[in-house]
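Quick notes on the structure that follows.
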Amino acid sequence: MLGYCTLPALVRPVQRDWRGLPAVLAGASVLGISAIFVKWAMAGGASVLTIGFYRMVFALPGALLLARASGGRADGIGRKWAIAAGVFFSADVALWHLAMRYTSAANATLLVGLSPIWVALTAALVWRQRFSALGWLGQAVGLGGALILALARGARTGNGHGEAIAFGASFCYAAFTLTMSRARRTLGAPQALVWMSLTCLVVFALASAIARDPLAGYDGRAWLSLVGLGLIVQLLGWWLNSWGLGHVDAATGAIALQMQQVATLFLSAWLLAEPLRPLGMLGGGLIMAGIVMVAQM
């Protein structure tokens, strides 16, 4: 249960809605296809930075239409938090993909999956949120499930370089979850999505220009993947997540986002013909069990 925070900007309680958790779980499941789209886009010639850039380019028109249709409410503080969320999200995506240049995708995903722990610790130590024993057990079970799932997908001890980068990405993802959750206290979901996506667009555009990554010359599957990332993952997935994060506490939202890993497991089996192994199924089941436990806090 989320109590009142000690910091003045964080004193407003979450407006709970029973639909919040299902919305985050649905959104996280949609995010499960993002790794597949990224893999196809990179195989077609797109770089990490240009993937992020086009993801926002294709998502923003739809996000603006959603924001206009909803009317929403203008809130300067909420916009600032959403902009901060965009900065952290951009850093997380860039670091995650950079980590995969030096270590396996499974290792990188496992370490980024530590983010719910950082969210829970921040909520407990800074926001003075009290968790029950069941809540902490749920965090441990979910983390254990993520470890087992990563091992099933090939995570092994690396040389430390990629792992260190992915570890940094986990803090960025935790910071994104916290700031986006805070933005949703005073900003509607479509508005929060617009400001977050717009910030990401600016960050990726600048980074792509500095890196001199080409913005064209990709094959057809890469372009379709970029459109899919924008319309399916960023627009649909993050609209659901943005709405849901406004109606659950940050710790519950963070572990619910781990549903992405479970969805990726099944989508990879379907789209990439990757085998479903018992160890992977066990890991996915433990993640889901952890989500249920934390939701009971």
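The values are calculated or read from the model by the stated rules, or taken from the named source; none is laboratory data. Since the structure is predicted, the reported quantities are computational estimates derived from the model, not experimental observations. Note that each Cβ is placed from the backbone with ideal geometry, even for glycine, and that neighbours are counted across all protein chains shown.
Got a sec? Which of Val248, Val292, Val203 is touching a residue at least 40 places away in the same chain (Cβ under 8 Å) and either touching a His at 6+ places or on another chain (Cβ under 6 Å) or crowded, with 22+ Cβ neighbours inside 10 Å (or both)?
From the options Val248, Val292, Val203, the qualifying one is Val248.
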Practice prompt. Return yes or no: is Trp81 among the aromatic types (Phe, Trp, Tyr), more than 19 Å from Pro190 (Cα to Cα) and touching a helix residue (DSSP H, G or I) at 6+ places or on another chain (Cβ under 7 Å)?
Written response: no
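What about Ile33, is it surrounded by 22 or more Cβ atoms within 10 Å (Cβ to Cβ) and in contact with a helix residue (DSSP H, G or I) (Cβ under 9 Å, 6 or more places away or on another chain)? Steps first, answer last, please.
Details: surrounded by 22 or more Cβ atoms within 10 Å (Cβ to Cβ): yes; in contact with a helix residue (DSSP H, G or I) (Cβ under 9 Å, 6 or more places away or on another chain): yes.
So Ile33 passes the test.
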Selection from region 171-185 of residues assigned to a helix (DSSP H, G or I) and of a type outside the set (Phe, Trp, Tyr) yields Cys172, Ala174, Ala175, Thr177, Leu178, Thr179, Met180, Ser181, Arg182, Ala183
The residue from Thr177, Thr264 that alone is under 20 Å from Gly284 (Cβ atoms) and either out of contact with any Ser or Thr (no Cβ under 7 Å at 6 or more places or on another chain) or touching a residue at least 24 places away in the same chain (Cβ under 8 Å) (or both) is Thr264
The residue that is modelled with the lowest pLDDT, considering only those in region 39-80 that are part of a helix (DSSP H, G or I) and of a type in the set (S, T, N, Q), is Ser70
The condition from (1) at pLDDT 95 or above; (2) under 20 Å from Ala91 (Cα atoms); (3) more than 16 Å from the chain's Cα centre (by Cα) that Thr199 misses is numbered (3)
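Rundown of residues vs (1) at pLDDT below 90; (2) farther than 19 Å from Ala91 by Cβ; (3) not in a helix (DSSP H, G or I); (4) not charged (D, E, K, R), yes/no style:
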residue: Leu187; (1), (2), (3), (4): yes, yes, yes, yes
residue: Leu193; (1), (2), (3), (4): no, no, no, yes
residue: Leu206; (1), (2), (3), (4): no, no, no, yes
residue: Leu215; (1), (2), (3), (4): no, yes, yes, yes
residue: Arg221; (1), (2), (3), (4): no, yes, no, no
residue: Ser225; (1), (2), (3), (4): no, yes, no, yes
residue: Ile232; (1), (2), (3), (4): no, yes, no, yes
residue: Leu235; (1), (2), (3), (4): no, yes, no, yes
residue: Gly244; (1), (2), (3), (4): yes, yes, no, yes
Can you confirm whether Leu224 is over 22 Å from Val112 (Cα atoms) and surrounded by 16 or more Cβ atoms within 10 Å (Cβ to Cβ)?
no
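Each row is one residue, and each column tells you yes or no for (1) surrounded by fewer than 17 Cβ atoms within 10 Å (Cβ to Cβ); (2) among the charged types (D, E, K, R).
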| site | (1), (2) |
| --- | --- |
| Ala43 | yes, no |
| Gly52 | no, no |
| Arg55 | no, yes |
| Arg79 | no, yes |
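Of all residues in region 266-286, which are over 16 Å from Gly144 (Cα atoms) and not polar (S, T, N, Q)? Walk me through how you get there before you give the answer.
Filtering region 266-286 for residues over 16 Å from Gly144 (Cα atoms) gives 266-277.
Selection gives Phe266, Leu267, Ala269, Trp270, Leu271, Leu272, Ala273, Glu274, Pro275, Leu276, Arg277.
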